[in-house]
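Chemist: Below you'll find the structure I mean.
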Amino acid sequence: MTAGEQKKYVGARVSRVDGPAKVRGEATFAAEHDIPGALHAVLISAACAHGRISRLDTEAARQVPGVLDVFSYQSDGWKMNKLKGYPKGPAGTSLLPFQGPEISYRGEPVALVVAQTLEAARHAALLVETEYEQRPHHATLQAAMDGPLLARKPMPPLGHSRGNAGKVLKGAGHVTERTYDTPTQHHNPMEMHAVIADWDGDERVTIYEPTQWMQSAQGTLAAALGLEPENVHVVSPFVGGGFGSKATSWPHLLVTALAARTLRRPVKLVLTRAQMFAAVGYRAATRSEYRAALDGDRISALELHAHTQTGPADLFPEQVGTVPKMLYDTPNMEFKQTLVQTNAGPNIMMRAPGEASGSFGLEVLMDELAEAAGLDPLEFRRRNHADTDPESGKPFSSKHLLECYDRAAGAFGWQDRTPEPGSMKDGDTLIGWGMATATYPVYASAATARARLHADGRIDIEAGSHDIGTGTYSILAQIAADALGTDLDRVTVKLGDSRLPKNGYSGGSRTAGSVGSAVLAAAQGLRQELVDLAVNDPESPLHGAAPIDIEARDGALHAGTRTDTLSAVLTRAGKTQHEAYREIIPNGGGQKELDALKKGQDGMIQAVTDTHARYSFGAVFVEVRVDPDFMTPRVSRIVGAFDVGQVLNAKTAESQLTGGLIWGVSAALHEQGETDPATGLLLNSNLADYHIPVNADIREVRAITLEGHPDFHTSALGARGAGELGIVGTAAAIANAIHHATGKRIRSTPITVDKLLD
Ligand code: MOS
């Protein structure tokens, strides 16, 4: 914020501005758009992990009354242009659907039934007969690591080396060698993935799709079908969670759009919950092999070789090295990563991709090293604190991790911990206290926004960005209301339409800082232009005032006791509305990012810039209670303290961080995709068998945010984003607490009873 603006809403505990519409059912999600004449589609997924379709019989399905067609690789005119796979292109996978009989993963789209009603389409889908010529496959990380079939590719760009870890480890008296494993996890946003495609002729289409990145849908369709990107109109006003699964477009978008064009009718497809486990990406399984040496209370060398699962076609690295490379001040560090291809579907980012899975191994290792050093785990982390970024050598933009440790430890009561495992009890129940450090990089994008004043004093804010359930509508309204000095309910935010000013992917916790800064610039620009109109208008009470002396508050401009309302300024100028459009280049970036954004690319910069390493930090403290007979672990208390720079909305920030902490409980104790290695079948592709915490699993959860540390190196708002930080380290803190309660060191998630009874 700059001088002359009210500070009424930014940072305050504001309830979601889109809350009432959601509660009343007035917020229209993708599949709810009522498109007259829309047909219903049902997708048929491959029941084979690797091979080719040897028989595909659609005759019986076509006989079902109401069925218009059954599309597959046998359909005429369904040739698509090749896509460059992620991360080069916008699509989640370069495996285009229906281009041939080859099958690379179980769940790959095989056929699409389109009918007048959903019932007819579902019935007909059951009548489609498929047979496969099976080929050998490796559907899991373990199977692929054990087997010879698929490629294992080192990823040199992800590696990192400083000092000489090998030499130090060789000369060390004692080397701690540990392996940590995390399983596949599957995003399951409440709102199903869905597409409605509605064509106007053969060259222009409107797509209703819940997405974290409208330009991905636009670019993918345009590239695959040879359309002009601006002729693909994407509508996505509300998104019921995404977590990375809605970051990119998937094959079901392409087949729905082609079916609609072929039939010359709008077509709607909603994936089933089971298909969401197979067709829209997942968090890859990881193995982290560590070797570490201590010199007294300091880590003298750290070596990590990570093996991470990826899909059969596109190499997408789960970025497990991000946190280990930079979190502690270790002079000698060696990191390498091997990507292991599997016949599971394409993997993709999932909330704190890499940071969540990579922090599990690192933060359990820290607990083990603290024990070896005879130190309290918090004290050990303090002694290995990095004052500057050890990876890049650059100063941090703003780092208050030590304050996070103090605040969380104080609120938790850590000083009362007795170090011996099993030493704390409540009756027979074993109590364990554990902790971990959290960090998440600051990504930022070029961004654009428009602010418009109407004659009645209402303000529109427009940005082609997304609210994926995180509170974007609310924070943008707050920023604009303060910059223009109006009441919050005078501001209407419009998001989720590809015709609005362009913005990048809503992921990597960067929408708040990036799009928020563009809205700030547009609102400030609008205010400045209104001030100029007023001071130059002989009829304004503000005529002749110096612009610098003018304050915007309560829907008016003020200079001392002189006042002119925003509406009056506009009306006297003979206008019904006035608007300002602004583009911003992210701090640390350049024109290159803005140009990329305008071309429909992402326009993102990485966390480390020429001048600074930019990360958010936090500390998580956990209490577990373990039944000594059944060894059932329960998380009874979590306290996290987080530094996210300037908090934009205390309520939504807390809700984001709390959600992350709860997801940490899920990772530690519940979540795991169970794949049958023999068939590649995901055995728990439903929300009954794929375990996540329910209310009874979640007790006290407290997320504290530090105040007074806006980070203006990262954005004009000083805000760094809070969406992903809360999950980082949390699973490790729980594993460490379980060790403190039971003496059992479990080095893989989820920590289930069988592992504790072993
Ligand atoms: Mo996220 S995994 O940045 O949606």
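Chemist: Counting alpha carbon pairs within less than 8 Å and at least 6 residues apart, what relative contact order, in whole percent, applies to region 29-105?
Modeler: 37
Chemist: Quickly rank 398-409, 496-507, 538-549 as a protection proxy: mean count of other C-beta atoms within 10 Å, highest first.
Modeler: Result, highest mean first: 496-507, 398-409, 538-549.
Chemist: Can I ask one more? Regarding region 494-609, what is the average projected area of its C-alpha convex hull, in nm²?
Modeler: Taking the Cα atoms of region 494-609, their convex hull projects to 9.2 nm² on average.
Chemist: I've got another one for you. Tell me the net charge near Pro353. Cut-off is 12 Å between Cβ atoms, Pro353 excluded, with +1 for each Lys or Arg and -1 for each Asp or Glu.
Modeler: For residues surrounding Pro353, the net value is -1.
Chemist: With every protein chain present, what is the per residue accessible area of region 244-380 (1.4 Å probe, Å²)?
Modeler: Value returned for region 244-380: 21 Å² of accessible area per residue.
Chemist: What FRET efficiency comes out for Ile548 versus Ala172 if R0 is 56 angstrom and r is the Cβ-Cβ distance? Round to the nearest 0.05.
Modeler: Computed FRET efficiency for Ile548 and Ala172 comes out at 0.35.
Chemist: Counting each pair of different Cα atoms once, what's the Kirkwood radius of region 109-154 in Å, rounded to one decimal?
Modeler: Across region 109-154, the inverse of the average 1/r is 14.1 Å.
Chemist: Can I ask one more? Taking only protein heavy atoms and a 1.4 Å probe, what accessible area per residue, in Å², does region 59-180 have with all protein chains in place?
Modeler: I get 54 Å² per residue for region 59-180.
Chemist: Would you calculate the volume per residue, in Å³, of the smallest convex hull containing every Cα atom of the chain?
Modeler: 163
Chemist: Cβ neighbours within 10 Å, averaged per peptide: list 282-289, 15-22 in order, most packed at the top.
Modeler: My ranking of the peptides, most packed first, is 282-289, 15-22.
Chemist: Rounded to the nearest percent, how much of the accessible area of the chain (1.4 Å probe, protein heavy atoms only) is carbon and sulfur?
Modeler: Percent of accessible area from carbon and sulfur atoms in the chain: 50.
Chemist: Still on this structure, I have one more. With respect to the cross-link table entries Lys167/Lys325; Lys325/Lys744; Lys502/Lys592; Lys7/Lys494; Lys84/Lys246; Lys153/Lys394, which display a Cα-Cα separation exceeding 21 Å?
Modeler: Distance filter (> 21 Å) returns Lys325/Lys744; Lys7/Lys494; Lys153/Lys394.
Chemist: From Cα pairs below 8 angstrom and at least 6 apart in sequence, can you work out the relative contact order of the chain, rounded to a whole percent?
Modeler: It rounds to 17 percent for the chain.
Chemist: Continuing with this model, one more query. At q = 0.15, 0.17, 0.20 Å⁻¹, what log₁₀ I(q)/I(0) does region 180-252 have when each alpha carbon counts as one equal point scatterer in the Debye sum?
Modeler: Rounded to two decimals, the profile gives -0.52, -0.63, -0.81.
Chemist: Further, regarding this structure: Separation of region 523-601 and region 703-758 by C-alpha centroid, Å?
Modeler: 43
Chemist: Further question on the same structure: To the nearest Å, what is the center-to-center distance of region 225-273 and region 352-423, using C-alpha atoms only?
Modeler: 43
Chemist: Which GluC sites (Glu not before Pro) in region 690-758 pass both tests, a DSSP loop state and at most 14 other beta-carbon atoms within 10 Å?
Modeler: Glu707
Chemist: Sticking with this structure for a sec: Over region 98-215, what per residue volume does the convex hull of the Cα atoms give, in whole Å³?
Modeler: 252
Chemist: Here's another thing I want to ask about it. Please compute P(r) over all alpha-carbon pairs of region 351-461, binned at 5 Å starting from zero, and give each bin as a whole-number percent.
Modeler: It works out to 2, 8, 14, 16, 16, 11, 7, 6, 5, 5, 4, 3, 2, 1, in whole percents.
Chemist: Additional query: What is the Cα centroid distance between region 640-672 and region 282-346, reported in whole angstrom?
Modeler: When both Cα centres are located, 23 Å separates them.
Chemist: To continue, here is another question. Using the Cα centre of the chain as origin and beta-carbon charges of +1 (Lys, Arg) and -1 (Asp, Glu), tell me which of Ala21, Ala667, Ala313 is placed farthest towards the positive end of the dipole.
Modeler: Selected residue: Ala313.
Chemist: Counting Lys and Arg as +1 and Asp and Glu as -1, each charge on the Cβ, what is the dipole of the chain about the Cα centre in debye, to the nearest 20?
Modeler: 800
Chemist: So for region 516-572, considering every pair of alpha-carbon atoms, how many percent are separated by more than 17 Å?
Modeler: 30
Chemist: Same structure again: Using the 2.2 N^0.38 Å rule of thumb for compact globular proteins, work out how region 257-361 stacks up: its C-alpha Rg over that value, please.
Modeler: Dividing the Cα radius of gyration by 2.2 N^0.38 Å gives 1.52.
Chemist: For region 563-711, what does the accessible surface come to per residue with a 1.4 Å probe? Please give it in Å².
Modeler: 43
Chemist: Can you give the percent of C-alpha pairs in region 605-758 whose distance is more than 25 Å?
Modeler: 41
Chemist: Here's something else I'd like to know. Could you sort the peptides 514-524, 419-429 by per-residue average Cβ neighbour count (10 Å cutoff), highest mean leading?
Modeler: Listed from highest to lowest mean packing, they are 514-524, 419-429.
Chemist: Please compute the length gained on full extension between Arg699 and Arg273, using 0.36 nm multiplied by the number of residues separating them and subtracting their Cα-Cα distance.
Modeler: 150.6 nm
Chemist: Round to the nearest 0.05 the FRET efficiency obtained for Asp497 and Leu683 when R0 = 41 Å and r is the Cβ-Cβ distance.
Modeler: The value I calculate is 0.55.
The values are calculated or read from the model by the stated rules, or taken from the named source; none is laboratory data. The shown structure was predicted, so the numbers you read here are calculated from the model rather than taken from an experiment. Every residue, glycine as well, gets a Cβ built from its backbone with ideal geometry; the counts of neighbours run over all protein chains shown. To get the accessible areas, we keep the full protein, side chains included, count just its heavy atoms, and leave off ligands, DNA and RNA. Shrake-Rupley method; radii C 1.70, N 1.55, O 1.52, S 1.80 Å.
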